[in-house]
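Read-outs: derived from the displayed coordinates by stated rules, not from any lab. None of the values given here were measured: they were computed from a predicted structure. Neighbour counts are summed over all protein chains in view; Cβ atoms, including those assigned to glycine, are modelled from backbone coordinates with ideal geometry.
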Amino acid sequence: MPPPFQLSVIVPHLNEPDDLRQCLLALDAQRADGIAFEIIVVDNSSSEMPVAACLDIPDLRLEREIVPGPGPARNHGADLAQADLLAFIDCDCIAQPGWVKEIVDAMANRPDVALLGGDIAVLVADPRYPTAIESYENIYSYRARAYVEQYGFAATGNMAVRKHVFQSVGPFGGISTMEDTEWGQRATAMGHRVIFLPEAKVLTPSCKSFADLARRWDRHVAHGFRKVSGHPSATLRWLVEGLIIAASPLAETFKILTTDRVSGMRNRILALACLTRIRAHRARRMFGLVFHGDASRFIENWNRERS
C-alpha cells in the first residue's frame, strides 16, 4: 500500500509561535498545487506548546522533543514521517510559492539524487530601507548554493532527502554539533548525491540585532576552535586566520559593490560596515578562545536563549 503522503515536512520549533504560524500558513498555501503532504511540528521544550500556532492547519501533527537542539527535534519528526520523502524547514522560514511542488517534482524526475538544498534569502522587514544587518546577511549569511556545490551539505532550513537515505546515513547530531554540516558531509562521503535547487526557495528573517548575529558566529567560531585546541601548530594557524579575518573586509569591497544580492550604494555601504564589525568580532573571539576562552559556553546553550 503506498504512503498516504508524497512528502513529510518537518518543522522544529522553540519559543517562536508567531514565526511558526507564518511558516505554517505559507506551507498550507502550497496545497493549491494538489500535492498531498503532511506537516510535523516538533517542539523542542518551549515555555509553552505552540498549539494556537498550529490551529486549523490540516494534516498537521504537533509533537515534543525534550533533548535540546534542532537536530534531535528533526530526528523525532523523521521517525514519525509517513512519506518516502522528507523536507526540513525552520520555523522562521517562509516557503515561497511552488516550494513543495519543486521538491517533489525534482526528486521524482531525478532518481540519482538523494538529497537537495533549496535557496535561502533574507526576508527584509522594509524593502525600501534594509538595515545594515539585513544587507550584510543577504550577501553573506545564506550561501545555499555554495553549501551544496563547494562543501557537500545542504542547510536544514531548506533541505529534502529520501527517507531511506536519511535512515542509512543516521540521525542529525545534537546541540554540540553543526548538525546540518556534519550530517550532509557524512551523506556525501557515503556516495549520496546532493544538488542545489534554486526554484525551491524560502525567505527567513534577518538577525534582529548585532548581538544575535554575534551569538550565531560565536557558535561557529567555537566549533572551529574545538578542532584545533590542544594542537600547537593548528592553533598557530588559527591565530593567523584570525588576523586575516580581521583584515578581510578590504578584500570584500569589490564583491559588495558588484553583487546582485543588494541594490543601491546606501545598502552596499551598510553591508560593508556590518561585515567589518562582525569580522572584527570574530577575530576577537578567535584570539580570546586561544588565551582564556571556554568554547562549550558558546555551543551548548546557543538555542536555549530564545524565550
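At a glance:
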| read-out | value |
| --- | --- |
| Cα long-axis angle, helix 232-247 against the chain (0 to 90 degrees, to the nearest 10) | 90 |
| Cα-projected label distance for Phe196 with Val240, points at 7 Å along beta-carbon direction, nm | 2.9 |
| Contour excess over end-to-end distance, with Cα ends at Glu149 and Arg284 and 0.36 nm allotted per residue | 45.6 nm |
| Karplus 3J(HN,Hα) series, Hz, for region 100-117 with 6.51 cos²θ - 1.76 cosθ + 1.60 (x for Gly, Pro) | 4, 4, 4, 5, 5, 5, 4, 6, 6, 8, 10, x, 7, 8, 8, 8, 9, x |
| Under DSSP loop assignment and at most 15 Cβ neighbours within 10 Å, longest trypsin sites (Lys or Arg not before Pro)-free interval of the chain | 1-127 |
| Region 210-299 - Rg and Dmax from Cα coordinates, angstrom | 14.8, 46 |
| The chain: angle of helix 179-189 to the longest principal axis, Cα-based, in degrees nearest 10 | 80 |
| Under the Karplus curve 6.51 cos²θ - 1.76 cosθ + 1.60, θ = phi - 60°, whole-Hz ³J(HN,Hα) for region 71-88, x wherever Gly or Pro sits | x, x, 5, 5, 4, 4, x, 5, 4, 8, 4, 9, 8, 7, 10, 10, 10, 10 |
| 5 angstrom amide H check on Leu85, placed H, neighbours 5+ away | Ser8, Lys163 |
| Amide H contacts under 5 Å for Leu123, placed H, 5+ residues apart | Thr204, Ser206 |
| Reciprocal mean inverse distance between Cα atoms of region 59-155 - Kirkwood radius, Å | 16.0 |
| Tensor-based shape of region 143-271 (alpha-carbon gyration tensor, a/c under 1.5 rounded, otherwise prolate or oblate) | oblate |
| All aspartates and glutamates inside 13 Å of Lys163 as judged from Cα atoms, apart from same-chain residues fewer than 8 positions distant | Asp79, Asp84 |
| The chain - Rg over Rh from alpha carbon coordinates, Kirkwood radius | 0.97 |
| Percent RCO, i.e. relative contact order, over the chain, from Cα pairs under 8 Å lying at least 6 residues apart | 20 |
